[in-house]
Amino acid sequence: MCGIAGFCTGSGFEGTRASKQAGAMADVIGHRGPDDSGVWVDDKSGIAMAHRRLSILDLSTAGHQPMVSVSERYVIVFNGEIYNHNKIRSELEFTGYQWRGTSDTESFLAGIETWGLELTLKKSVGMFAFALWDRKKKEISLARDRMGEKPLYYGLNNGIFFFGSELKALKAHPDFEGVVDRDSVALFLRHNYIPSPYSIYRGINKLLPGTYLCIPENKLASAHEIAPTAYWSLQRAATRGQDNLFLGDEEEALDELQRLLRQSVQAQCIADVPLGAFLSGGIDSSLVVALMQSHAARPVKTFTLGFQEEAYNEAIHARKIAQHLGTEHHELYVTPKEAIDVIPRLPSMYDEPFSDSSQIPTNLVSQLARKQVTVSLSGDGGDEVFGGYNRYQWMRIIWDRVRRVPRAFRNIAAYIMRSQTADRWDHLYGLFRPVVPNSFRVAQFGSKVNTLADCIVNEHSHELYQSVVSHWKSPANVVLNGIEPETVLTAAERTIPLGYRWSNG
């Protein structure tokens with residue numbers, strides 16, 4: 001990963017001072033890019049851009065950022081990777097473009113010069129977040145990849161427009177004022193994180209995935225009124241898929257899925273630095289590693305965390321997969337002390353509240369992998385794409401069965417379910433478990449009974465979904481002066497909040 005940061009004032013400033021401020025913003029996120037750094041300043045337009053580089057493609061100085069386009073019209077700070085950048089280069093051959101290196105950032109910048117920002121975004125496949133300054137139009141543009149893999153914060157604060165990969169970069173500027181947004185705290189209590197487009201600081205947003213934002217220099221003072229444009233939509237992609245259904249049989253579908261997965265994994269294995277993979281032994285990471293190993297010239301380096309507690313230990317499964325695939329496998333068995341020692345460092349890793357316990361093992365396995373590789377693939381996202389969490393299946397089944405039952409009867413049933421604690425339900429279930437058929441046996445029975453009670457009282461399917469994903473049912477009731485804002489889950493039209501516009505195409 002790399003790190004980007006910067007600010008715009010909409011008017012001229014003293015260049016040397018601004019350069020130092022931008023450099024300080026980049027330095028606090030130096031962990032994102034230890035290989036190189038750079039600052040670019042236009043004191044007349046009042047813009048400063050900074051970059052920290054983790055070199056993956058083109059390790060030479062030709063990949064240095066901030067990067068200025070050949071025509072010198074555009075300046076970019078880019079975080080991420082464009083997997084199909086060589087295809088973009090081949091499409092630009094007719095232009096006679098004078099390449100200076102082999103980095104994907106240069107390929108992407110050349111695409112913007114040739115096709116414009118939106119078309120280049122639609123052509124590009126990858127994970128990215130970037131800031132682009134158009135010296136001709138005097139306009140700053142921000143954009144984020146389709147799935148939001150790379151972070152990007154932005155907002156107007158104390159009369160200055162800030163942007164950066166992490167909030168700590170914004171806080172490093174002496175004029176930034178961080179005021180906690182109580183409404184975002186309410187969102188955090190519900191979701192255990194703060195969903196886009198909100199952040200923990202008032203007036204600072206996270207750019208939503210699949211969108212870009214363009215702000216002219218003379219509109220910076222009212223930047224908060226300018227809505228980003230969506231260049232890609234998951235909903236629209238799904239709708240197009242329904243209009244063009246796959247017509248093959250099951251075997252052909254499996255072949256096509258394998259082709260797409262292989263294509264995706266191979267594209268993400270293009271790197272000029274050592275590459276490996278996290279391997280948990282589950283279906284998702286095992287499949288990724290299998291595809292990596294199938295086209296690798298040498299054993300893939302794989303990394304796994306192990307625990308002495310048998311119920312939580314996936315290392316045994318991962319070791320068997322590694323042996324079967326012939327990878328160069330590495331394990332780290334974590335002690336309670338090692339896990340606890342990560343906790344004091346969490347605030348420096350995450351700039352806003354985040355309560356997923358996976359952050360601890362993720363940090364530990366990343367430390368293990370970083371000793372040998374620079375890039376590591378994982379199976380993250382597999383459960384989301386392929387419906388791997390059984391809650392989605394169970395929600396559909398429950399809703400199909402209970403929606404026809406009058407709500408009064410559902411409320412009575414929920415009252416009875418809540419009359420006992422989860423521990424009491426577990427005790428009762430334990431008494432009858434010996435006579436319960438295996439196909440009907442469930443783990444954490446009491447917890448599931450309480451969850452079911454919350455589910456069946458809902459009037460609409462979207463309310464049921466929100467109930468299942470909520471960690472606190474009524475967070476605004478416990479946050480003083482906090483009002484929970486709308487998200488894509490709760491907006492009346494199920495659309496993107498803050499008036500986001502859709503581009504054509």
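Of note:
- Simple point charges give the picture: +1 on the Cβ of Lys and Arg, -1 on the Cβ of Asp and Glu, and for region 3-234 a dipole about the Cα centre of about 300 debye.
- Residue-wise HN-Hα coupling along region 206-215, computed from phi with Karplus coefficients 6.51, -1.76, 1.60 (Hz; x: Gly, Pro): 9, 5, 5, x, x, 10, 9, 10, 10, 10
- The count of lysine pairs in region 3-234 whose Cα atoms are under 17 Å apart, excluding pairs fewer than 8 places apart on the same chain, comes to 17.
- Listed residue (Phe432, Val449, Val469) projecting farthest to the positive dipole end of region 390-473, Cβ model: Phe432
- For the pair Ser222 and Leu452, label points projected 7 Å from Cα toward Cβ lie 5.6 nm apart.
- Extension gain, Glu328 to Glu486: 0.36 nm times the residue separation minus the Cα-Cα distance gives 52.2 nm.
- Computed lengthening from Arg240 to Ser90, 0.36 nm per intervening residue step minus Cα-Cα distance: 51.2 nm
- Förster-model FRET efficiency, 25 Å R0, Thr61 and Arg17, C-beta, rounded to 0.05: 0.40
- Lys, Arg +1 and Asp, Glu -1 on Cβ, resulting dipole of region 355-457 about Cα centre, debye, nearest 20: 420 debye
- Mean Cβ neighbour count within 10 Å, used as a protection proxy, ranking 55-66, 402-413 highest first: 55-66, 402-413
- Degrees separating the helix 15-27 axis from the principal Cα axis of the chain, which is the longest one: 30 degrees
- Taking Ser45, Ser294, Ser470 and counting other C-beta atoms within 10 Å, the order from fewest to most: Ser294, Ser470, Ser45
- In degrees, nearest ten, helix 234-243 long axis to first principal axis of the chain (Cα): 70 degrees
- Extension gain (nm, one decimal) between Ala443 and Glu252, 0.36 nm per residue minus Cα-Cα: 65.1 nm
- Using the average count of surrounding beta-carbon atoms within 10 Å as a protection proxy, the listed peptides 383-389, 4-10, 451-457, 471-477 rank, highest first, as 4-10, 451-457, 471-477, 383-389.
- Student exercise, the chain dipole from Lys, Arg, Asp, Glu Cβ charges, in Debye to nearest 20: 740 debye
- Projecting label points 7 angstrom from Cα along Cα→Cβ for Met147 and His460 puts them 2.9 nm apart.
- Working from label points 7 Å from Cα in the Cα-to-Cβ sense, the Asn411 to Lys320 distance is 5.1 nm.
- Between helix 315-325 and the chain there is an angle of about 60 degrees, using the helix long axis and the longest principal axis of the Cα atoms.
- A Förster radius of 45 Å, combined with the Cβ-Cβ distance separating Asn363 from Lys136, puts the computed FRET efficiency at roughly 0.55.
- For a label point 7 Å along the Cα-to-beta-carbon line of Ser348, residues of region 1-39 with backbone N under 16 Å: 27-34
- Structure-based [θ]222 nm, the chain - -39500 (n - 2.57) summed over DSSP H runs of at least 4, per residue, nearest 500: -11000 deg cm²/dmol
No lab work stands behind these numbers, since they all come straight from the coordinates. All of these numbers come straight from a predicted model, not from anything done at the bench. Note that each Cβ is placed from the backbone with ideal geometry, even for glycine, and that neighbours are counted across all protein chains shown.
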